[in-house]
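To keep things clear, I will list the structure first and then write my remarks on it.
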Amino acid sequence: MHLALAVLSGFVSVRGADFALDGKPFHFVGANLAVMFGEPARTHYEDIIATAAQDGLKVGRVWALGEGDADATDWLKKFVLFRAGPEGWSEDAYAQLDRVLIAARKHGLRLIIVLSNFNPDYGGARAYLNWLGIDLASAFGVQDLFYSDARARKAFAEHIERLLSRKNSIDGTPYVDEPAIFGWELMNESQVFSDEGARARREWIAWAAALIKARDKNHLVAPGLLGFYRFSDERDDWIAAHEIPGVDYCDAHVYVQQHGGVRRVADLDPIIDDLAQLSRFVIKKPLLIGEFGFPLDAPSFRNAPPLKWLDRFLTQTRRDAVGGALIWMYQTKADYANMYRITVDSDEGADARRALAHAASIASQRVALNPRLSEARGRTPLLDLHVNLTGRATPLSGWHDGVLAIEPDEFSRASWEDAGTWAEGPLVHAYGGRVGFFEWKFRAPAQKPEAIELRARLSSDYPGDSAPVIGTSQVLVSIDGREVGTLVAHPDDGRGRWYTVRIDEPSTIARPGTHTLRLEVRPGPSAHGLCVYGRAGKQGGVLDAAPATLRWITSRE
């Protein structure tokens, strides 16, 4: 079967809260495309683009970034980097982008071009700061300097201007006149660490958007924010960043693995609904979900097949009139292995391709807008900004020599601004964001204690694997609603420290039966969430990995 080659013309524009093309609303399904980095991608880029087009996908997303050291290896300079050091421009990378654009135009695909990366993959913002001699270990949130440092801005502007002034080396088409370009995305998964960083980023977005708009009148601009999860201040900042006049549309990434409150397929709906409500009726711009994905290599994900999650996601984005959604990702089998991949040269991901092709075929057929979305609702959340989880139904009772082990993921109840469990790092842990509590039910021994001792490995909870020195959390310890101690959990480092709380007057649990242990962080200046650690995680490497314990002391020690 031969794919009929399309001739692209015109540019995608914005009409109210929808994308438009040739004077008509433009809704689409698309994919991230592994066509820029490494030998497999550079060799098979056209196969990847052609397969996406054959599946009916209309928009792709690619990274035009890659920053490294001036002494980077020849292989990196040839197959990865756009820039080895601030002056080490690599024509190989730009020439690959030329080829990708020609192939996209040939196959009728429009591309979002991502200009920088918050994450360290292929260099990212960290590389720019390294070039400037800024020590990234010097302080928490130092990466926010990428947005505010004048030298970092100048270095980034040089990359933007190089792209905007480029003519395709194959056919001479100026990039600013290239119909295969959907738009420019300023950063992949942009994040900040402080209120000052959020303000600096908004200024940076306005500056960079204006820089592009002054040179390119044809293409759209988006900031490239990661999105928000359950924290109200992140949600407010997401709104403010997209209200900037130079921003044409809203974008976010949605991975349910990072939403602690998602336990069943229907839990997807409010996440998409809230993004769509804010975009359409508050910010009044189109929404593009630039990345989403499900672990396609797993037979089941949170008690449902991954394809069921995929179908639900595509259905809900259509109900909510989301402008477009791009799955992660189309690639070759020879490229890097990951749980999300859809390979164009094997059957891996074939069922997902069929689901995407069907969704793409009906993307332009609009349905009645989800009645949960409305002008009247305004900014009122459709997403519960508190995660309430239920866990173990029966009380813990496995006492051995007066000691009860309490694994973090055996909690009976949890309620936080974000919450969940994580087993991929050095230690299995339950995490709770900002304000909230964990509770464990346990059955007490028959013998009356003279004292009780709680020993637990704890830290605060910050996204990522580090926290500022001031990022502690004050933790209230209670049993059956009675406060029995407080402690200050040290800043999050992904490993925690051991803490001991001794209760010398345990009269509240002198009776046999079931009791409730609660660890709680209340509102205040030290409300930075809580991580409770236990057994070794998949990474391992912690010699004293162990669950928390309650020790039932029946004689004075």
Self-check item: Filter result (surrounded by fewer than 18 Cβ atoms within 10 Å (Cβ to Cβ) and either at pLDDT 95 or above or in a helix (DSSP H, G or I) (or both)) within segment 246-266
Solution: Gly246, Gln257, Gln258, Ala266
Quiz item: Within segment 433-465, can you find the residues that are among the polar types (S, T, N, Q), within 16 Å of Val475 (Cα to Cα) and in a loop (DSSP other than H, G, I, E, B)?
Solution: Ser460
Exercise. Kindly indicate whether Ala41 is at pLDDT 95 or above, assigned by TED's automatic domain parsing to the domain that holds His242 and more than 26 Å from Asp216 (Cα to Cα).
Key: no
Self-check item: Residue among Ala405, Ala423, Ala451 that is surrounded by fewer than 21 Cβ atoms within 10 Å (Cβ to Cβ) and within 19 Å of Arg302 (Cα to Cα)
Solution: Ala423
Quiz item: Could we say that Pro547 is in contact with a Lys or Arg (Cβ under 7 Å, 6 or more places away or on another chain), farther than 21 Å from Gln447 by Cβ, assigned by TED's automatic domain parsing to the domain that holds Lys441 and in contact (Cβ under 8 Å) with a residue 40 or more places away in the chain here?
Solution: yes
Practice problem: Residue by residue through segment 347-371, note down the ones that are surrounded by 12 or more Cβ atoms within 10 Å (Cβ to Cβ) and either touching a Leu at 6+ places or on another chain (Cβ under 6 Å) or of a type in the set (Val, Ile, Thr) (or both). | Solution: Gly349, Asp351, Ala352, Ala355, Ala359, Ala360, Ile362
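One line per residue, one yes/no per condition, for (1) touching an Asp or Glu at 6+ places or on another chain (Cβ under 9 Å); (2) within 20 Å of Phe292 (Cα to Cα):
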{"position": "Leu33", "(1), (2)": "no, yes"}
{"position": "Asp55", "(1), (2)": "no, yes"}
{"position": "Thr73", "(1), (2)": "no, no"}
{"position": "Leu81", "(1), (2)": "yes, no"}
{"position": "Asp92", "(1), (2)": "no, no"}
{"position": "Val100", "(1), (2)": "yes, no"}
{"position": "Val114", "(1), (2)": "yes, yes"}
Exercise. Could you tell me whether any residue of segment 350-363 is in a loop (DSSP other than H, G, I, E, B), over 24 Å from Phe79 (Cβ atoms), more than 26 Å from the chain's Cα centre (by Cα) and without any contact (Cβ under 8 Å) to a residue 24 or more places away in the chain?
Key: no
Practice problem: Could you give me the residue pairs with C-beta distances under 6 Å whose first residue belongs to segment 432-443 and is modelled with pLDDT under 95, whose second residue is among the aromatic types (Phe, Trp, Tyr) and outside any loop (DSSP other than H, G, I, E, B) wherever it lies, and which are 6+ apart or on separate chains? | Solution: Gly432/Trp416; Gly433/Trp416; Gly436/Trp416
Quiz item: Does Val100 meet the test of being closer than 15 Å to His159 by Cα and not acidic (Asp, Glu)?
Solution: no
Self-check item: Count of residues meeting criterion [part of a loop (DSSP other than H, G, I, E, B) and basic (Lys, Arg)] in segment 480-530
Solution: 3
Quiz item: Which of the residues that make up segment 239-296 are in contact with a Gly (Cβ under 7 Å, 6 or more places away or on another chain), more than 22 Å from Asn188 (Cα to Cα) and small (Gly, Ala, Ser)?
Solution: Gly260
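The values are calculated or read from the model by the stated rules, or taken from the named source; none is laboratory data. Values in this document were obtained by computation on a predicted structure and should not be read as measured data. Quick reminder, even Gly has a Cβ in these numbers, built from the backbone with ideal geometry, and neighbours come from all protein chains shown.
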